[in-house]
Amino acid sequence: MNFAYYPGCSAAGSSADYEMSTRAVCRALKIGLQEIPDWNCCGSTPAHAVDTELSAALCVRNLDLAARMDAATVVTPCPSCLSNLKHAGKRMENPAFRARVNELLDNPAAEKLPETTSVMQAIASCRTAADIAANVCKPLKGLKIAAYYGCLMSRPAGLMQFGDPENPTLMESLLSACGAEMVDFPLKTECCGASFGIPERPMTAVNSGRILEVAANMGVDAVAVACPLCQMNLDLRQKQAAKAVNVFFNMPVLYYTQLMGLAFGFDPRELGLHKLCVSADPLLQKLDALRREEALAEAKAKAAEGGNA
Amino acid sequence: MRGVQLGLKDQVLNSRSLWMCLSCSTCSLRCPNDIDVAAVMETLRHMARKEGRVTVPKVEKFWFSFLDTVRRFGRTYEIGTMALYMLRSMRVFTDVDLAPAALAKQKLGFKPHVTPNGGAEAVGRILKRYEERAKREGVRP
């Protein structure tokens, strides 16, 4: 299965680890990602907050490039890019809107623009839980994980098509297939405070603090995320969040692809785990200890069996 | 929403809420009357901006710092966005507490990532046409 791939700007900067682990996991599952040549920024929140047609023009340039690659589907790991690309594709179905956007572009956009979906949905659409389990060589069994989706993966529900918009469960399915114990995390679709960390820090700190506090109280080993901005707010800004809610945290916040990659036996460095601000080392040590114990118990059982025979 | 229904244009377009909205869309999802509140908020923000009403200027300054880097490079340049925002808002110490961790982990690239093969210039032209059209139509870009 081949998809046109739109990495998004943070893939080259603050979420390089998401990019590394996404590519590793898709490689292992034999899902082809063909990067759109010369892709540009989708405009993120600033473009759509300023003007809908400007935002669409920036997105459509990418969709048009993908159409010229004969791609039926564009996939992206970033929920903000996903939301913008999907909104733009939908709005281009309106001829008056299309004409206004075409005015901003070098050349009019292709009549038929490709669909857009998330890497997470693309994995689930072409690989079953059994396919995923077949790639697991280091099960995450014994690790307790909270799946956190943030706002944009599931909202607006009609456009995003991501299951129950208040209780999506796709990340749980993928990570359960890797053996992890997923908790029923009540704040999974609450907002982390998004890009307001820069102009309005207290808002982001309180929102992120609340999410981390509930996760910590549930006794999880890590929070799994799918969004570069959520990851930054919960990881890089974890101390600011802790101060806002007056609790000390030491909570690793990993991309779901990093957790899948660990289960698939990739080296932590290949998955960019060294780029996390809150170290995932305790989690890695716990995982190694669990698997060692298991192997030991198995060897003992085998030896006992051998003795009996 | 009530303000919109009552036609309180000044009160609505000058409100802080328009600028403090995170666009998380939870309101649209949970509205018992099925009003797409997030879309209404976004439209009101567009209307306010076009008339030059910006009650919380630092939020808009951040957006334009971001878009300036996109116009130049075709892709976001995180450190560039921060630098432009600090200059625009005169808040030179924004997030300096995060710099050591962000730089040590190479979370931020020092060099901008440029869309190759003339892509950056194409993006520059999109933004230029957008501004020219807004001017022609007599609204603030």
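The values are calculated or read from the model by the stated rules, or taken from the named source; none is laboratory data. Note that the coordinates shown come from a computational prediction; the quantities given were computed from them, not determined experimentally. Note: ideal-geometry Cβ built from the backbone for every residue, glycine included; neighbour counts use all protein chains shown. For accessibility, only protein heavy atoms count, side chains too; no ligands or nucleic acids. Shrake-Rupley method; radii C 1.70, N 1.55, O 1.52, S 1.80 Å.
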Among (1) part of a helix (DSSP H, G or I); (2) surrounded by fewer than 17 Cβ atoms within 10 Å (Cβ to Cβ); (3) more than 10 Å from chain A (Cβ to nearest Cβ), which single condition is B:L84 missing?
(2)
Residues satisfying the stated conditions in the range B:11-52, i.e. more than 12 Å from chain A (Cβ to nearest Cβ), assigned to a helix (DSSP H, G or I) and open to solvent by 40 Å² or more (accessible area, probe 1.4 Å):
B:Q11, B:S17, B:V40
Return the residue satisfying two criteria in turn: it lies in the range A:275-293 and is open to solvent by 20 Å² or more (accessible area, probe 1.4 Å) and in contact with a helix residue (DSSP H, G or I) (Cβ under 8 Å, 6 or more places away or on another chain), and of such residues it is nearest to A:K239 (Cα to Cα).
A:C277
Of the residues that make up the range A:256-278, is at least one part of a helix (DSSP H, G or I), over 16 Å from A:S15 (Cβ atoms) and more than 26 Å from the chain's Cα centre (by Cα)?
no
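If a residue counts only when it is of a type outside the set (K, R), farther than 21 Å from A:L152 by Cβ and not assigned by TED's automatic domain parsing to the domain that holds A:A194, which helices (runs of 4 or more DSSP H) contained entirely in the range A:18-117 have at least 2 such residues? I'd like the intermediate steps shown before the answer.
On the way: elements: A:44-50, A:52-68, A:79-91, A:95-104.
It comes to A:52-68, A:95-104.
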Restricting attention to the range A:184-196, does a residue exist that is open to solvent by less than 40 Å² (accessible area, probe 1.4 Å), of a type in the set (A, V, I, L, M), closer than 23 Å to A:T117 by Cα and in contact with a helix residue (DSSP H, G or I) (Cβ under 8 Å, 6 or more places away or on another chain)?
yes
The condition from (1) in contact with a helix residue (DSSP H, G or I) (Cβ under 6 Å, 6 or more places away or on another chain); (2) open to solvent by 30 Å² or more (accessible area, probe 1.4 Å); (3) in a helix (DSSP H, G or I); (4) among the hydrophobic types (A, V, I, L, M, F, W, C) that B:F62 misses is numbered (2)
Residues A:E200, A:E181: which one is surrounded by fewer than 21 Cβ atoms within 10 Å (Cβ to Cβ) and modelled with pLDDT under 95?
A:E200
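Sort through B:T55, B:T69, B:T94, B:T115 and tell me the only one that's within 7 Å of chain A (Cβ to nearest Cβ), over 24 Å from A:K239 (Cβ atoms) and either touching a helix residue (DSSP H, G or I) at 6+ places or on another chain (Cβ under 6 Å) or part of a loop (DSSP other than H, G, I, E, B) (or both).
Numbers: B:T55 fails: within 7 Å of chain A (Cβ to nearest Cβ); B:T69 fails: within 7 Å of chain A (Cβ to nearest Cβ); B:T94 fails: over 24 Å from A:K239 (Cβ atoms).
Going through B:T55, B:T69, B:T94, B:T115 in turn, the sole match is B:T115.
Which is out of contact with any Phe, Trp or Tyr (no Cβ under 7 Å at 6 or more places or on another chain) and modelled with pLDDT of 95 or more, of A:V225, A:V214? Write out each step before concluding.
On the way: A:V225 fails: out of contact with any Phe, Trp or Tyr (no Cβ under 7 Å at 6 or more places or on another chain).
Every option except A:V214 fails the conditions.
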